[in-house]
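Derivation of every value follows stated rules applied to the coordinates shown; laboratory data play no part. Everything quoted here is computed from the prediction, not taken from an experiment. Note that each Cβ is placed from the backbone with ideal geometry, even for glycine, and that neighbours are counted across all protein chains shown.
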Amino acid sequence: MTFLVIRVRSDRGVKPKIRHTMSMLNLTKVNHAVLVPDTPAYAGMLQKAKDYVTWGEVDADTISELISQRGRMIGDKPITNAVIKSGSEFSTINALSKAIASGDARTNAVEGMKPVFRLHPPRGAKGWGGIKRSFSTGGALGFRGEAISDLVGRMI
């Protein structure tokens with residue numbers, strides 16, 4: 001299983017340990033997203049940064065849409081099936097996204113693919129829904145579960 005982690009808040013006034021944790025997650029700017037595997041090390045990192053990020057379990061269709069529309073290679077070139085085939089053992093974006101969703105592969109399986117996805121702010125009247133409250137109380141922070149796909153759909 002794979003989590004999609006999105007940075008919601010800035011690191012202005014944040015303790016250095018939390019700032020370092022977010023940099024290890026490659027979340028250096030607001031509205032940046034990364035795909036991380038469900039391991040105890042990443043779970044601890046997410047708990048430490050829970051007041052600044054949101055995350056949830058992502059499916060293969062959402063990963064495929066994210067890679068094809070917002071994924072970039074080094075040099076800011078878009079990712080296509082031809083790029084995936086020439087730079088990895090996978091033949092298409094869909095095959096790569098299924099392997100990432102199951103936890104068998106990571107974004108570094110494709111040579112030259114950037115691990116960070118730059119997203120738009122959430123579209124719609126609700127927007128983030130409050131960046132200082134947890135998701136369970138109507139805000140944007142913390143664990144979302146399957147609802148992360150809806151948020152990503154509004155941000156792509």
Which of the three applies to the chain, rounded, prolate or oblate, going by the alpha-carbon gyration tensor with a ≥ b ≥ c and a/c under 1.5 meaning rounded? prolate
Among the listed pairs 15/126; 50/98; 29/77, which have their C-alpha atoms separated by more than 24 angstrom in this model? 15/126; 50/98
Find out how many positive minus negative residues lie around residue 63, taking Lys and Arg as positive, Asp and Glu as negative, among other residues whose Cβ is under 13 Å from that of residue 63. -2
The chain: longest stretch without exposed trypsin sites (Lys or Arg not before Pro) (DSSP loop, at most 12 other Cβ within 10 Å), sites themselves excluded? 30-122
